[in-house]
1. Accessible area per residue, 1.4 Å probe, Å², for the range 37-113: what's the number?
2. Under 5 Å between amide H atoms, partner at least 5 residues away or on a different chain: which partners does D263 have, H built in plane at 1.01 Å?
3. Grab the DSSP H runs of the chain that are 4 residues or longer, score each as -39,500 (n - 2.57), total them, divide by all residues and round the 222 nm result to the nearest 500 deg cm²/dmol.
4. Quick one: check the C-alpha center-to-center distance for the range 129-165 versus the range 255-271, whole angstrom.
5. Keeping all protein chains in place, calculate the accessible area per residue for the range 234-297 (probe 1.4 angstrom), answer in Å².
6. When all protein chains stay in place, what accessible area (Å², nearest 10, 1.4 Å probe) is found for W428?
7. Karplus couplings for the range 146-158 from phi (6.51 cos²θ - 1.76 cosθ + 1.60, θ = phi - 60°), rounded to Hz, Gly and Pro as x?
8. What percentage of the solvent-accessible surface of the chain, computed with a 1.4 Å probe over protein heavy atoms, is contributed by carbon and sulfur atoms?
Amino acid sequence: MNATTVSAGLALVLHFTATGAAAQSVVRPAAIDLPLVELPYNATGGLRAPGMQQSLAITAGFYEAGHTLLAKVAPRHPRLRNVGITVVDYFTLAVPLADAWLHEEWHRAILGRNRIDSRNDVWNVKNIFAEAISVSHVADEDLVRLKRDNPRDFVRMKAAGYEGEGELITRLERDQFFSQSPAWHVGLYWLIALNDQLYVGAIVGPADSAEIDSLTDKANRDERGVSQRDASGHDFTAWVYHLFRPDEPFESRGPHPSGVGLDRYIKVSDLTTEEKRYIERQGKLAWLNFVDPNFIGVRGVSFRSPVNGKPARANLWMRHALTSFGHTIDTHIVYSQGELRLHAIAQRFTNHDRSFPGMRLELLDVPVQVGSSGLALSPRAGLWLQPRDGAFRTRDGVTGGLLGARIGTRTASRLQFYVDAEVKSAGWVAGRPALTRGATFQTGVRYSLQRIVPKSPPN
């Protein structure tokens with residue numbers, strides 16, 4: 001909670017200087033997106049939901065709709081309004097469908113992919129101001145099996161919440177760049193990114209380390225029974241511990257201090273010096289998430305294209321994520337000119353021994369006419385070199401990639417429909433729970449929060 005308090009204080013100060021930058025954008029209708037079906041996840045071991053893309057879309061829509069509505073309060077006082085929106089965000093971070101809910105759902109998505117049931121304790125309203133919120137009702141036997149059979153999934157599960165929050169910021173930023181919605185998200189970006197940086201980097205200082213271990217001891221004393229225990233404990237002590245020890249059986253942790261079940265939680269005192277230094281470095285790299293003009297309200301920069309001299313807009317930001325083999329640093333570039341909408345990502349995947357390159361490219365909402373029907377096509381492709389077998393300790397790389405597309409209706413109606421399909425090789429991809437090769441399919445709806453006004457034909 002200390003991290004969140006610091007985040008809120010800094011965000012409130014920043015709001016007074018960030019309002020004007022976004023005011024120059026042309027306002028278009030904000031929209032929310034909901035994948036109604038996400039396969040194969042929804043059919044893994046029976047009916048299971050939400051998947052990663054479903055929970056991401058739900059939380060992005062929660063903030064897009066909520067901030068759009070809150071913007072109607074005190075419209076003549078934008079600075080005061082934006083501070084108010086951030087205060088609301090601060091006090092609702094842990095309500096269902098908001099940021100903490102998404103964080104826990106991405107942990108659960110990795111468990112669910114491995115047919116492990118769990119519970120998101122954000123749904124327990126008394127946890128809104130809790131020091132920690134658990135993914136509970138996970139059996140020790142399931143964790144033993146997961147570590148034994150899929151050690152890379154086991155490691156990824158620990159850091160999946162951080163991955164999801166980074167994807168949430170990127171989703172909101174990208175949607176705002178291309179749709180130009182009036183919603184104010186800047187305070188939320190600071191709340192999430194600062195809280196995450198302090199969470200990842202918290203084990204560095206002796207005082208913070210002692211606090212983490214004290215909270216772990218308290219949880220071990222207070223939690224009554226295996227069902228109440230979190231799947232991980234402190235996310236990042238667990239992540240780095242198991243990242244460095246993929247072959248260590250989970251049951252070798254020994255019995256829980258109470259004598260019932262296994263000793264799940266990793267304390268700072270359990271880490272080696274090398275492991276502490278590694279997570280300290282990740283805490284420093286998390287500051288790269290602030291290399292982002294959106295954090296000061298700059299959603300895009302307008303200029304004349306040097307190629308054809310026509311008006312264009314662009315933006316660029318960086319994003320750090322923890323992976324099943326180490327970490328990735330992505331540089332996002334968004335570009336818009338006329339009907340052209342482009343999102344490119346330059347990627348650097350890093351394990352213990354070396355770094356590997358990657359890139360992704362997506363064209364958004366390319367107009368397509370099929371008979372009398374207007375459609376919007378969004379093709380995407382990715383190519384990468386990642387550590388062989390997703391290993392933390394290897395210098396060998398293996399080539400992989402993905403191909404996918406989304407096609408949706410393009411009408412004047414507020415409600416649009418779409419389908420989305422993708423195939424990928426083995427490898428880590430943000431927002432895709434499978435590290436193995438495979439295909440995914442989604443279908444859903446996109447709803448505009450305001451009436452769509454058709455473009456007037458040119459004179």
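1. Per-residue accessible area for the range 37-113 comes out at 38 Å².
2. It is G254, H256, by chain and number.
3. -12000 deg cm²/dmol
4. One Cα centre to the other: 15 Å.
5. The answer is 42 Å² per residue.
6. My reading of the accessible area for W428 is about 10 Å².
7. 4, 5, 6, 8, 9, x, 6, 4, 4, 5, 4, 4, 5
8. Carbon plus sulfur share of accessible area: 60 percent.
The values are calculated or read from the model by the stated rules, or taken from the named source; none is laboratory data. Remember, it's a predicted structure, so these values are computed and weren't measured experimentally. Backbone-built Cβ (ideal geometry, glycine too); neighbour counts: all protein chains shown. SASA here: full protein model, heavy atoms, side chains in, ligands and nucleic acids out. Shrake-Rupley method; radii C 1.70, N 1.55, O 1.52, S 1.80 Å.
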